[in-house]
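Scroll down for the structure; my scribbles are underneath it.
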Amino acid sequence: MTAYTRPLAVLPPADASPGEDWDATAPSAPSTLLTLPNPRKLTTSIRATAQVFQDPRSAALLERIRMVAPSDANVLIIGETGTGKELIARHVHDLSRRSGKPFVAVNCGAFSESLVESELFGHEKGAFTGAFSAKAGWFEASNGGTLFLDEIGDLPLSIQVKLLRVLQEREVVRLGSRRSVPIDVRVVAATNVRLQDAVAAGNFREDLFYRLHVVHLALPTLRERPGDILPLARHFIEEYRQRLGYGPVRLDASAEQKLGEHGWPGNIRELENVIHHALLICQNGVLGAEHLHLSSLNIQRRSTEDEPAASATPQQALEAVLRDLFNEPNEQLFEQIEETVMRTAFEFCHRNQVQAAKLLGISRNVLRSRLIRSRDISALK
């Protein structure tokens, strides 16, 4: 099943003030809403069940998804728990040429090490105790479509080796079999941890990381895209008031302000739970600040993309930064990188041109000309 996508035509502009009147029919109002199939069956799940792209940061993410989705490149989605990684994976599938084929979502942390190989690659009858019949794995089940591997960092190293071989050879060998089965599967993986750290710590294979990291999508947290908070809140109000059989319910200005000021450590899923609870106790069709019971956990976490890898070597950290830069189109990227290196060396050497040139292994004249071009020094000096 694929994600349900529809225009969300009753959203206020991203720059609207709390309580401000706005025209829901204005051209700037529509946005995009993504929801999981059968979200009403997921009320106890920690997954985000809805996603919007009203905030400028999430709108930029949506545009990037539209650019990369048509290809068959593997995708690595990085984001905190509750940010909607599966929704993004489904949207990538929906926008690809594989949209009419299966989308299979697998949580890599949900199986024991003894079962995960059988679940991913399948097994033959008698391959192990309890294997009373042959069974196709998730790769075969998603053949022609997309396989979403959530929490990819939880895979044991022994399975990572076999996964890498499957991605390279485009074929699987069931447990207990010697016959290979050709597959045509696009892999979209997701994690809420920095795989670079896991690679540096020896818990994740570097070659598998690069195989998965062809395209990477970094999901901002809800606190990093405040323009999506109220649209999501209104969506959840509408969803849960219908389930509860309520009439129209609106947010008052105090509730809007309180929602906007919260840090949302649980991201979209936390917002959904807050709205659900608020609807149970609000009256007269008005949801106020007093109905919002927000988490007191003041969890301070930086973006997974901005947090430096504590155990990574300087070379690995540099490579990670360069890969991030390569994902952003920039015709003058090399010149900007070169300029940054020279300027940083110049400052590191206390603005001594001779020492900075020696540190970089270039001539002072080359360094001087670049510093003049970037206006870090005057041509008269």
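The values are calculated or read from the model by the stated rules, or taken from the named source; none is laboratory data. Only a predicted model underlies this, so the values are computations on that prediction, with no experimental measurement involved. Methodologically, a virtual Cβ is constructed for each residue, glycine included, from the backbone with ideal geometry; neighbour enumeration extends over all protein chains shown. Just so you know, the surface numbers come from the protein's heavy atoms only, side chains and all, with ligands and any DNA or RNA stripped out. Shrake-Rupley method; radii C 1.70, N 1.55, O 1.52, S 1.80 Å.
Overview of values
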| read-out | value |
| --- | --- |
| Shape category assigned to the range 52-140 from the gyration tensor of Cα positions, a/c cut at 1.5 | prolate |
| Label point distance in nm, S99-A131, each placed 7 Å from Cα along Cα→Cβ | 3.9 |
| Rounded if a/c under 1.5, otherwise prolate or oblate - the range 124-225, Cα gyration tensor axes | prolate |
| Cross-link pairs K101/K135; K85/K135; K85/K258 - those with Cα-Cα distance over 24 Å | K85/K135; K85/K258 |
| Solvent exposure of the range 147-206 as accessible area per residue, Å², 1.4 Å probe | 43 |
| Aspartates and glutamates with Cα under 16 Å of K125, excluding same-chain neighbours fewer than 8 positions away | E117 |
| Point-to-point label distance, D252-D324, nm (Cα→Cβ direction, 7 Å offset) | 4.3 |
| Distance between modelled label sites at S295 and E206, nm, 7 Å Cα→Cβ extension | 3.5 |
| In Å², nearest 10: area of E63 left accessible to a 1.4 Å probe | 90 |
| With DNA, RNA and ligands ignored, accessible area of E169 (1.4 Å probe; Å², nearest 10) | 110 |
| Segments 260-268, 277-285 sorted - mean Cβ within 10 Å per residue, highest first | 260-268, 277-285 |
| Long-range HN-HN contacts of L175 with modeled amide H, under 5 Å | G122, H123, E124 |
| Full-extension gain in nm, V161 to N107, via 0.36 nm per residue minus C-alpha separation | 17.6 nm |
| Interchain or long-range residues, amide H under 5 Å from I77's placed H | A189, A190, T191, L217 |
| The range 178-212-the range 127-164 distance, computed between alpha-carbon centres (Å) | 12 |
| Contour excess over end-to-end distance, with Cα ends at L280 and I337 and 0.36 nm allotted per residue | 15.1 nm |
